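What follows is a single structure, written as structure tokens, with notes after it.
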Amino acid sequence: MKQSVGAKTLAMPTPVWLVGSYDADNKPNIMTIAWGGICCSTPPCVTVSLRKATHSYAAIEARKAFTVSIPSAEQVAEADFCGIASGRDTDKFGACNWTPVKSELVDAPYVSEAPLVIECRLLHTLEIGLHTQFVGEIVDIKADETVLGAKGYPDITKVKPFIWDAAHRRYFGLGEYLGTAWEIGKTITTKESP
């Protein structure tokens, strides 16, 4: 029997993403978010949700752009730091020994040391409640050559992204390979209706 745990933000999994922006003083900043994901395939888009109180909120609204740097599991401490420190009074790039790279396509920086980067121009803004959802149209994805796999696309086992457990405030890496999409489901046989 299932037990109610209430209306909470316990969807699984939630990504660990570093959202990059320039503030009003043109200072590069990154913040860690977990409220984000792919939201459209044509045009290709991602969404990130931020509270208005964050330093990055006004920067994204002003510049109409942001980046998403996807850190590797080896960068978990730095990613956590970027979620607890504020860009108002902290140089997060400097503290993490990371290099800000100015995107050539959108008005936002990304983390050079992150294996995978998504560059976005702001497409929509949706006020939801405590959080505002920013929908960014993907202008380009950049990947380190070392994480590319078959067909020249990023290989998740080489990127080594990690997820956040909102219920217990813990990070987890990738698990085992379970099967190939659009193939493993073919093992299910359908039963004919009576």
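The values are calculated or read from the model by the stated rules, or taken from the named source; none is laboratory data. If you're wondering where the values come from, they're calculated on a predicted model, not measured in any experiment. Here the Cβ is made from the backbone with ideal geometry for all residues, glycine too, and neighbour counts use every protein chain on show. Heads up: the accessible areas ignore ligands, DNA and RNA and are worked out on the full protein's heavy atoms, side chains in. Shrake-Rupley method; radii C 1.70, N 1.55, O 1.52, S 1.80 Å.
Enumerate by residue number the chymotrypsin sites (Phe, Trp or Tyr not before Pro) in the stretch 136-185 meeting two conditions: DSSP loop (anything except H, G, I, E, B), and at most 11 other Cβ atoms within 10 Å of the site's Cβ. List each step's numbers first, then the result.
Numbers: sites: PHE162, TRP164, TYR171, PHE172, TYR177, TRP182; in loops: PHE162, TYR177, TRP182.
Those satisfying the criteria are TYR177, TRP182.
Enter the per residue convex hull volume of the stretch 86-194, computed from alpha-carbon coordinates, in Å³ rounded to the nearest integer. Walk me through the numbers before you get to the answer.
Values: hull volume 27.8 nm³, N = 109.
Per residue, the Cα convex hull of the stretch 86-194 comes to 255 Å³.
Count charges around GLU78 for me, please; just the other residues with Cβ under 10 Å from its Cβ, Lys/Arg as +1, Asp/Glu as -1.
Numbers: positive: LYS92; negative: GLU74, ASP80, GLU113.
Here the charged neighbours net out to -2.
Please report the net charge: other residues with Cβ closer than 13 Å to the Cβ of VAL159, K and R +1, D and E -1.
Cβ neighbours under 13 Å give a net charge of -2.
In the full protein assembly as shown, how much of GLU61 is accessible to a 1.4 Å probe, in Å² to the nearest 10?
Roughly 70 Å² of GLU61 is accessible to a 1.4 Å probe.
For a Förster distance of 25 Å, can you work out the FRET efficiency between the beta-carbons of ALA150 and LYS186, rounded to the nearest 0.05? Show your work: numbers first, answer last.
Details: r = 21 Å, r/R0 = 0.83.
So, using R0 = 25 Å, E works out to roughly 0.75.
Tell me the net charge near VAL111. Cut-off is 10 Å between Cβ atoms, VAL111 excluded, with +1 for each Lys or Arg and -1 for each Asp or Glu. Don't skip to the end; give the middle numbers.
Details: positive: LYS92; negative: GLU78, GLU113.
Summing Lys/Arg as +1 and Asp/Glu as -1 gives -1.
Please compute the modelled spin-label separation between LEU126 and ALA77, points set 7 Å along Cα→Cβ, answer in nm with one decimal.
Modelled inter-label distance: 3.8 nm.
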